[in-house]
Amino acid sequence: MNKYDFDTIIDRKDTFSCKWGGCSENELPMWVADMDFRAAPEIIEALQKRLSNEIFGYTYIPDEWYEAYQYWWKKRHNLEIEKDWLIFCTGVVPAISTTVRKLTTPAENVLIQTPVYNIFYNSIRNNGRNILESPLLYSNGKYSINWEDLETKLSDPQTSLMILCNPHNPIGKIWDKETLAKIGNLCAKYNVTVISDEIHCDLTDPNKEYIPFASVSETCANISITCIAPTKAFNIAGLQTAAVMIPNKQLNHKVWRALNTDEVAEPNAFAVDATIAAFTKGEAWIDALRAYIKSNKDRVREYVSSNIPGISVIDSEATYLLWLDCSKITANSVELADFIRKETGLFLSNGAQYGGNGNLFLRLNPACPRKLLEDGLTRLKKAIRLWRNKYNA
């Protein structure tokens, strides 16, 4: 029997939640990558112990923090991390933005493989760098890399940095070792540094495992900055705790200086305790969570296939997000997402913001109690029926 409760619905509307705060009474948000589950009880216990001290002054990074990352990545991902490779930061996005600023100059190209996590665009554009898209190929419901396009764009002397999403959000793809090695070799050939965003790495389906980019080869390790954190998998993003893992000493020093310059290298009073608890005591919880999410993802696929003609769900091996192909009924996912929300209150992410062929897709977050998921699916069915009737799609 599962000792963890993922079925209880928790009211988050009065907690200043970004996910729920902007919704009206009858709306159901299934957009942002934020789960509607309690954090692991082992984390809550650690935070309650910290809270009981009743003093929340400045915090340093203890050895236990480094050891927690080392323990978890060796046990779960077969990667031995040296202590000196790790640097604390307040989040993966701050780390990416800081690294873009430090390792590139204005008007240089930063390459991304689209459709991809939309905030990558902000980290590039807000720093005055050029967004260089290498769109993934899409055929028969599956994505793959366009190697010719990728090499052409990496070979441009203006391209100095690539942001890799591993596993890939929003398509839920786990890149295999051969693919990662090929990316690493191409980037090394053209002197392109790789930021590997691996925040979703612990959210693979049961019996599926991701491969850390830095673990693939000495080449990959030497040219990469890997962004890792407990926040996505353990649903503690609001605690602002993450790490960058950089084996190359020169790169490590540059990023360390940059993070400190930007003042995103110091933990709040709860960040360290939560991380240690997650990585040293959270294994049973994360495995139970992965099984629950897999069941929810399977339910979405089954329901959509049986009840919502014109929509298909892309196979996903990782993340708790699902990418819905709406190409048979629209080429404008922004309009479709707005229509769904207006007609049924179901709030999904439009795919256009992720670039590539995202204008044909919606992103749905099923990481919620099953009762909420069933409500969302019912709303989606109704909305698509209304859409098809209106546009004769």
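The values are calculated or read from the model by the stated rules, or taken from the named source; none is laboratory data. None of these values were measured; they are calculated from a predicted model. With ideal geometry, Cβ positions are generated from the backbone for all residues, glycine too; neighbour counts draw on all protein chains shown. With ligands, DNA and RNA removed, areas are computed over all heavy atoms of the protein, side chains included. Shrake-Rupley method; radii C 1.70, N 1.55, O 1.52, S 1.80 Å.
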Report summary line: Taking region 373-393 and keeping residues open to solvent by 10 Å² or more (accessible area, probe 1.4 Å) and out of contact with any strand residue (DSSP E or B) (no Cβ under 7 Å at 6 or more places or on another chain) leaves E374, T378, K381, K382, R385, L386, R388, N389, K390, Y391, N392, A393
Query raised in the report: Within region 145-161, is there a residue that is under 20 Å from the mean Cα position of the chain (by Cα) and under 19 Å from S224 (Cα atoms)?
Result: yes
Requested in this report: Could you list all residues from region 262-306 that are closer than 21 Å to Q240 by Cα, in contact with a helix residue (DSSP H, G or I) (Cβ under 8 Å, 6 or more places away or on another chain) and open to solvent by 30 Å² or more (accessible area, probe 1.4 Å)?
Outcome: D262, N268, F270, D273, I276, T280, K281, E283
Query - Qualifying positions in region 20-71 - among the small types (G, A, S), modelled with pLDDT of 95 or more and either buried (at least 19 other Cβ atoms within 10 Å of the Cβ) or within 27 Å of the chain's Cα centre (by Cα) (or both) - result: A33, A39, A40, A46, A68
Query raised in the report: Counting residues that are acidic (D, E), which helices (runs of 4 or more DSSP H) fully inside region 113-212 reach at least 3?
Result: 147-154
Report task. Check region 312-325 and report whether any residue there is without any contact (Cβ under 8 Å) to a residue 40 or more places away in the chain, open to solvent by less than 50 Å² (accessible area, probe 1.4 Å) and in contact with a Lys or Arg (Cβ under 8 Å, 6 or more places away or on another chain). Result -> yes
Query - Top-ranked residue in region 112-134 [being open to solvent by less than 10 Å² (accessible area, probe 1.4 Å) and among the hydrophobic types (A, V, I, L, M, F, W, C); ranked as farthest from N166 (Cα to Cα)] - result: I124
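Conditions tested, residue by residue: (1) in contact with a Pro (Cβ under 8 Å, 6 or more places away or on another chain); (2) under 20 Å from Y138 (Cα atoms).
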position: G310; (1), (2): no, yes
position: E317; (1), (2): yes, yes
position: W323; (1), (2): yes, yes
position: S333; (1), (2): no, yes
position: F361; (1), (2): yes, yes
position: P369; (1), (2): no, no
position: A383; (1), (2): no, no
position: W387; (1), (2): no, no
Query - Filtered residue count, region 165-208, keeping only those that are more than 12 Å from C220 (Cα to Cα), open to solvent by less than 10 Å² (accessible area, probe 1.4 Å) and of a type in the set (A, V, I, L, M, F, W, C) - result: 5
Query raised in the report: Given A352, A337, A331, which one is in contact (Cβ under 8 Å) with a residue 12 or more places away in the chain, in a loop (DSSP other than H, G, I, E, B) and of a type in the set (A, V, I, L, M)?
Result: A331
Query raised in the report: Are there any pairs, at least 6 apart or on different chains, whose C-beta atoms fall under 7 Å, with the first in region 147-166 and of a type in the set (V, I, T) and modelled with pLDDT of 95 or more and the second open to solvent by less than 10 Å² (accessible area, probe 1.4 Å) and outside any loop (DSSP other than H, G, I, E, B), and if so, which?
Result: T159/L111; I163/I96; I163/V110; I163/I112; I163/F120; I163/I195; I163/D197
